[in-house]
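Let me begin by presenting the structure, written as structure tokens, before commenting on it.
The values are calculated or read from the model by the stated rules, or taken from the named source; none is laboratory data. Because the structure is predicted, anything quoted here is derived from the model rather than measured. As a convention, Cβ positions derive from the backbone with ideal geometry for all residues, glycine included, and neighbour counts pool all protein chains shown.
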Amino acid sequence: MQSLLGHVRVLQRLGPANRDRASALRVAVSVAGPSLALLAAGRPDLIVYAVFGALTGMYGRSEPHQLRLRHQLQAALVLLGGLGVGVLLSVHQLHSWTLVAVESVLAAAGSLFADKVGLKPNGPFFGILALGACASIPTPGPWPLAVLVGAGSAAFSIAVGFGGWVRGRVWERGADREVPPLRGMRRRAAWIHAARYFAAVAAAGSIGVGSGSGHPHWAMAAAAVPLAGADLPSSVYRGVHRIVGTLLGLVVVAAVLFPWAGSPLRLLPGHETAVLAVLVIVLQFTTELFMARHYGLAMVSFTPVILLVTQLAFPADPHLLVAERAVETLVGACTGIAVVVLIRRRPSAAAPGG
């Protein structure tokens, strides 16, 4: 009983603060700039691609400016790679088993790359998320525009992240050094870690497709979440945070999208698109505010961000959207935890991140 209470306390614990408001403001500005520009241009359907590009700003949050610049450029490759592959799958209408196969392989490749360059947040999660989300919605034409929007948003995010250096003009010697190359046990651990990503994403996606779900990519993304833990307990905690945080976030989604009198979409008729865009910006701020301190709280905000931008791109029945997101998250997170338990790293091997 004492052990169980101890685990519950760990799940509720907030991590130490570390200039979270400054990081959250940078990411919110990175999302706001391109999103509001697209809203003004009458292209809210492209905001989803701008948001995925802007997630570049989540990387290197507490690093020196020149190291943040390096890591954000590397993160942009992961995000834009996922976005671009997702757009191509969407344009060619390649879904279900093709999506599972492609996303599983790229999850493993993204894990190896993230471990090699030392990305923080760990692993290829946001690239996987971008791939699945962009593949699951029809791409507005012309399709290269979607990729260009993502790239432009990533570039704007990098500029925002590096803006502080322009003001301070301080270059810290050695701060942009490379991560030590993977050798010996670290290289072996990285390959095992990549295998876990492949197994978790493939298994969760197969369950999603086999069950007839319209959104198996949500299960695949959720399966990747526990793999970012440094050890077994932290992996399980992240999986639980993902489930609980997503379920609470779906309550927010329901409050916004369900047709009831208190919905902000009902309170401001004729401005529904603008309301959704502003909510995405605000919720992305609160996501980053808690991302490093409590993953579950971050998911309460991040879940509506992803669902609202996909609604802007391709409106769907909100009741089905909420129900399938809940089920796919539960399936994916439990699959990821099972893979962590079944495919272990040696205790002596340093965790490569991810």
Practice problem: Give the residue, chosen from Phe162, Phe156, that is modelled with pLDDT of 95 or more, among the aromatic types (Phe, Trp, Tyr) and part of a helix (DSSP H, G or I). | Solution: Phe156
Practice problem: Inspect the stretch 285-297 for any residue being in a helix (DSSP H, G or I), touching a Phe, Trp or Tyr at 6+ places or on another chain (Cβ under 7 Å), surrounded by fewer than 23 Cβ atoms within 10 Å (Cβ to Cβ) and on the phi < 0 side of the Ramachandran plot and give the result as yes or no. | Solution: yes
Quiz item: Within the stretch 68-90, is there a residue that is on the phi < 0 side of the Ramachandran plot, part of a loop (DSSP other than H, G, I, E, B) and under 16 Å from the mean Cα position of the chain (by Cα)?
Solution: no
Quiz item: Looking at this structure, is Gly53 out of contact with any Leu (no Cβ under 7 Å at 6 or more places or on another chain), outside any loop (DSSP other than H, G, I, E, B), of a type outside the set (Phe, Trp, Tyr) and within 27 Å of His215 (Cα to Cα)?
Solution: no
Self-check item: Hey, Thr329 surrounded by 21 or more Cβ atoms within 10 Å (Cβ to Cβ) and either over 22 Å from Phe52 (Cβ atoms) or at pLDDT 95 or above (or both) or not
Solution: yes
Quiz item: When both residues are 6+ apart or on different chains and their Cβ atoms are under 6 Å apart, which pairs have a first residue that lies in the stretch 11-37 and is within 12 Å of Ser153 (Cβ to Cβ), and a second that is modelled with pLDDT of 95 or more and loosely packed, with under 15 Cβ neighbours inside 10 Å?
Solution: none
Quiz item: If a residue has to be in a helix (DSSP H, G or I) and either over 22 Å from Leu131 (Cβ atoms) or acidic (Asp, Glu) (or both) to count, how many in the stretch 29-50 make the cut?
Solution: 8
Quiz item: Mind checking whether some residue in the stretch 217-229 is surrounded by fewer than 21 Cβ atoms within 10 Å (Cβ to Cβ), at pLDDT below 95, in a loop (DSSP other than H, G, I, E, B) and of a type outside the set (S, T, N, Q)?
Solution: no
Quiz item: Looking only at residues in the stretch 115-138 that are under 18 Å from Val27 (Cα atoms) and not in a loop (DSSP other than H, G, I, E, B), which one is nearest to the chain's Cα centre (by Cα)?
Solution: Phe126
Exercise. Would you be able to say whether some residue in the stretch 287-295 is touching a helix residue (DSSP H, G or I) at 6+ places or on another chain (Cβ under 9 Å), at pLDDT below 95 and basic (Lys, Arg)?
Key: yes
Quiz item: Going through the stretch 102-114 one residue at a time, which ones are closer than 17 Å to Arg196 by Cβ and either among the β-branched types (Val, Ile, Thr) or more than 18 Å from the chain's Cα centre (by Cα) (or both)?
Solution: Val105
Exercise. Output yes when any residue across the stretch 45-60 is more than 20 Å from Ala154 (Cβ to Cβ) and either surrounded by 16 or more Cβ atoms within 10 Å (Cβ to Cβ) or touching a residue at least 12 places away in the same chain (Cβ under 8 Å) (or both), and no when none is.
Key: no
Practice problem: Could you please find all residues in the stretch 7-27 being in a loop (DSSP other than H, G, I, E, B) and surrounded by 10 or more Cβ atoms within 10 Å (Cβ to Cβ)? | Solution: Arg13, Gly15, Ala17, Asn18, Arg19
